[in-house]
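Encoded as structure tokens, the structure appears first; notes follow it.
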Amino acid sequence: MKITEIRDETVSIRSDISNAFISFSEMTVSAVAVISDVVRNGKPVCGFGFHSNGRYGQQGILRERMIPRLLQADPEKLLTEDETNVDPFKAWNIMMRNEKPGGHGERSVAVGTIDMALWDLAAKIEDKPLAHLLAERYNDGVLDDEVYVYAAGGYYYPGKEIVGLTEEMKRYLDAGYNTVKMKIGGTSLARDIERIESVLKLVEKGEDLAVDANGRFSLDTALEYAEALNSYGLKWYEEPGDPLDFEVNKRVQEVSETPIATGENLFSMQDARNLIRYGGMDPKQDYLQFDPALSYGFVEFYRTLEMIKQYGWSPRRIIPHGGHQFALHLAAGMGLGGNESYPGVFEPFGGFSDTIPVEDGRVRLSDAPGIGIEEKQSLMPVYEQMISSLIEN
């Protein structure tokens, strides 16, 4: 087995929506295809990857550093011992050669994008869903047949007030979700409370609603919101302050009766460990949201999983950010607590297989080999265009 080529494209996912911190009007995503010399049904087996929303396309880092390192390496140094499959751990080490420690904000996204494609390829070569491969190798064969998912939305749309917000949330509930998440911090506290109370009228109980400040608040504002939210019994209060300001997180956690959720903007095991050490998080109550596609892929995510166990955390307290199929497979294969979902948002990358509906707030994985991108009708054309010359030949 050999990797013959790696192709990438930058794809727009622009939208008029915004959270408390950024607009998505210029947002892009990198998509990657890792092509092998394994041929099935007359076509080369390819692994497909991309990264989550919120970080822009990584074409420069991909083309100048990560892709050349993989293609210039001795082919057998990317493979398993029997040379029948790609070894993403070996590939990760090659991609990270000559990279200094620290500075995880952008290269972690580039590596994570390729890492996703490598795991997709590895699972396809073994002809099994990625969740099954991960469970067999890294979770003592224990696999979750279905995964808890929540619908993330409630963004600030131009001209979209209470009516628009409640209509959006009702769509998610009608689609089979039990838990929904909305943005806060993009308006006044009083107005956000109105928005929260309007959604609470739709859900069965307070813990069916989570709120997300996207790291917007100063300490004083974060504390003010925490106290205002205490009476509602919400699912969680997400990212109240800057994701790297662990003192703010600790101070908020001390006064918040609402569980705290954070971690989506921490892109390495070391940063995640600092959150656990210094962020005041409660392993019995709070939630961790590390996103494998943004944080060097599953290779680093696995190291993070091993680290949190050492600090007394269960993998069930991790519910990854990203809303994509890669994280869904990790959740099922590694026994995580669930996965985010973006119904109809950040298309074509958000969401899961078209063949599997959301039922009572849970999703079952399909039996498709790899991640299952081929079963997402809106996404597959991105990759078909990237590899069209291979199919034609």
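The residues of region 71-91 that are surrounded by fewer than 19 Cβ atoms within 10 Å (Cβ to Cβ) and not acidic (Asp, Glu), listed by number, are 71, 72, 73, 75, 77, 79, 80, 84, 89, 90.
Rundown of residues vs (1) under 27 Å from residue 350 (Cβ atoms); (2) among the basic types (Lys, Arg), yes/no style:
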| position | (1), (2) |
| --- | --- |
| 33 | yes, no |
| 56 | yes, no |
| 66 | yes, no |
| 77 | no, yes |
| 90 | no, yes |
| 94 | no, no |
| 105 | yes, no |
| 113 | yes, no |
| 122 | yes, no |
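Considering region 207-228, and only residues there that are under 26 Å from residue 170 (Cα atoms) and open to solvent by 20 Å² or more (accessible area, probe 1.4 Å), the residue that is farthest from the chain's Cα centre (by Cα) turns out to be 228.
Restricting the first member to region 210-224 and to residues that are polar (S, T, N, Q), and the second to residues that are assigned to a loop (DSSP other than H, G, I, E, B), the beta-carbon pairs closer than 7 Å and six or more apart or on different chains are 214/19; 214/20; 214/21; 214/185; 214/239.
Consider residue 34 carefully, then state whether it is over 15 Å from the mean Cα position of the chain (by Cα), assigned to a strand (DSSP E or B) and buried (at least 20 other Cβ atoms within 10 Å of the Cβ). Steps first, answer last, please.
Working: over 15 Å from the mean Cα position of the chain (by Cα): yes; assigned to a strand (DSSP E or B): yes; buried (at least 20 other Cβ atoms within 10 Å of the Cβ): yes.
The answer is yes for residue 34.
Do the conditions hold for residue 117, that is, is it touching a strand residue (DSSP E or B) at 6+ places or on another chain (Cβ under 9 Å) and either surrounded by 14 or more Cβ atoms within 10 Å (Cβ to Cβ) or in a loop (DSSP other than H, G, I, E, B) (or both)? Spelling it out, residue 117 is indeed touching a strand residue (DSSP E or B) at 6+ places or on another chain (Cβ under 9 Å) and either surrounded by 14 or more Cβ atoms within 10 Å (Cβ to Cβ) or in a loop (DSSP other than H, G, I, E, B) (or both). Of all the listed residues (154, 112, 141, 105), the sole one being within 19 Å of the chain's Cα centre (by Cα) and over 30 Å from residue 172 (Cβ atoms) is 105.
Quick check: is even one residue across region 82-91 touching a residue at least 12 places away in the same chain (Cβ under 8 Å) and under 21 Å from residue 55 (Cα atoms)? The answer is no; no qualifying residue exists. Here the condition is being surrounded by fewer than 19 Cβ atoms within 10 Å (Cβ to Cβ) and small (Gly, Ala, Ser); of 57, 42, 112, it holds for 42 alone. Sort out which residues of region 322-359 are modelled with pLDDT of 95 or more, assigned to a loop (DSSP other than H, G, I, E, B) and under 17 Å from residue 382 (Cα atoms), and write them in order of number. If the condition is that a residue be modelled with pLDDT of 95 or more, assigned to a loop (DSSP other than H, G, I, E, B) and under 17 Å from residue 382 (Cα atoms), then no residue fits.
Checking residue 185 against (1) outside any helix (DSSP H, G or I); (2) open to solvent by 20 Å² or more (accessible area, probe 1.4 Å); (3) in contact with a helix residue (DSSP H, G or I) (Cβ under 9 Å, 6 or more places away or on another chain); (4) not hydroxyl-bearing (Ser, Thr, Tyr), only one condition comes out false. Which one? Failing condition for residue 185: (2). Quick one: in region 66-81, which of the residues that are without any contact (Cβ under 8 Å) to a residue 40 or more places away in the chain and outside any helix (DSSP H, G or I) is nearest to residue 298 (Cα to Cα)? Among those residues, the one meeting the criterion is 80. Anything in region 127-182 that is more than 30 Å from residue 233 (Cβ to Cβ) and assigned to a strand (DSSP E or B)? List them, or say none. Within region 127-182, just 129 meets the criteria.
Among the numbered conditions (1) touching a residue at least 60 places away in the same chain (Cβ under 8 Å); (2) open to solvent by 50 Å² or more (accessible area, probe 1.4 Å), the only one that residue 63 does not meet is (1). Out of all the residues in region 360-372, is one or more under 21 Å from residue 235 (Cβ atoms), open to solvent by less than 50 Å² (accessible area, probe 1.4 Å), of a type in the set (Ser, Thr, Tyr) and outside any strand (DSSP E or B)? No, that holds for no residue. Considering each residue of region 175-182 in turn, none proves to be open to solvent by 20 Å² or more (accessible area, probe 1.4 Å) and either of a type in the set (D, E, K, R) or without any contact (Cβ under 8 Å) to a residue 12 or more places away in the chain (or both).
The values are calculated or read from the model by the stated rules, or taken from the named source; none is laboratory data. On a predicted model such as this, the values are computed, not experimentally measured, just so you know. Here Cβ is always computed from backbone atoms with ideal geometry, including for glycine, and neighbour counts include all displayed protein chains. Quick note on the areas: whole protein, heavy atoms, side chains included, nothing else; ligands and nucleic acids left out. Shrake-Rupley method; radii C 1.70, N 1.55, O 1.52, S 1.80 Å.
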